[in-house]
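Single-structure report; data block below.
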Amino acid sequence: LFKNSEFDFDIFVRIMLLGDSGVGKTCLLTKYRDGNFLSGNYIATVGVDFKNKIVTIDQTRIKLQIWDTAGQERFRSITHAYYRDAHALLLLYDVTNKTSFDNIRAWLGEIREYAQGDVVIMLLGNKADCGIQRAVRREDGERLSREYNVFFMETSAKSGQNVDLAFLTVARELKYRQ
Ligand code: GTP
Ligand code: MG
């Protein structure tokens, strides 16, 4: 009855998107789930929003429930309440915005405070398509990820670079670590 439906899965995981306002969390999720890029006028996320996607990894059907959070400061107390329910966190900065990168340490501090101790964390340098406006080098992202022992990739919600791979990598990690 439920074959190939949203109820047909073996594992359920909750993935949360975090990072400063405007780094591209909503665009990344939209690109991953629906395949299109939201360009033009930016609409800030209010509170939290989620989308589901089922992926198959080595014959296991994994239902990803992906929570898109608001980066704006005034919504932080709302989003903190959801951290502990996340199995994995995708923490984004914008490679064209140095401040969003500098804020990553503060984000990791909040994660340590509110999330589960064994949460899977992946740092993502988004907007990697923006060649000349780049303000954060790939090596700097890599170095920070090594310091905190988290996964790292550069992504682009516009070109699609590493978008599927980022979600699949955390899903695979969650499947195999049990
Ligand atoms: P909040 O909801 O306020 O936390 O912001 P957000 O992180 O969800 O940002 P959002 O996805 O709405 O993107 C902000 C702006 O960046 C939009 O104008 C997007 O078009 C643009 N953008 C997002 N991802 C990319 C990308 O990979 N490349 C480029 N060039 N622009 C991007
Ligand atoms: Mg958003």
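What follows draws every value from the coordinates through simple rules; no lab data is involved. Small disclaimer: the values here were computed from a predicted structure and weren't measured.
From the Kirkwood radius over Cα pairs of the chain, Stokes-Einstein at 10 °C and 1.306 mPa s returns a whole-number translational diffusion coefficient of 97 µm²/s. Pair-distance distribution of region 1-84: all C-alpha pairs, bin width 5 Å, starting at 0; shares per bin in whole percent are 3, 14, 22, 21, 16, 13, 8, 4, 1. Summary value for region 1-137: 29 percent relative contact order, contacts being C-alpha pairs under 8 angstrom separated by 6+ residues.
Computed from phi, the 3J(HN,Hα) profile of region 98-105 under the Karplus parametrisation 6.51, -1.76, 1.60 (θ = phi - 60°) reads 4, 4, 5, 6, 4, 6, 4, 4 Hz, with x in place of Gly and Pro. Cross-link partners for LYS53 among the lysines, with Cα-Cα distance under 29 Å and sequence neighbours closer than 8 places in the same chain left out: LYS3, LYS25, LYS31, LYS63, LYS127, LYS158, LYS175.
Size descriptors for region 67-127 (Cα atoms only): Rg and Dmax, in that order, 11.4, 31 Å.
Taking amide H as placed 1.01 Å from N in the peptide plane, THR96 has its amide H under 5 Å from the amide H of ALA135, each at least 5 places away in sequence or on another chain.
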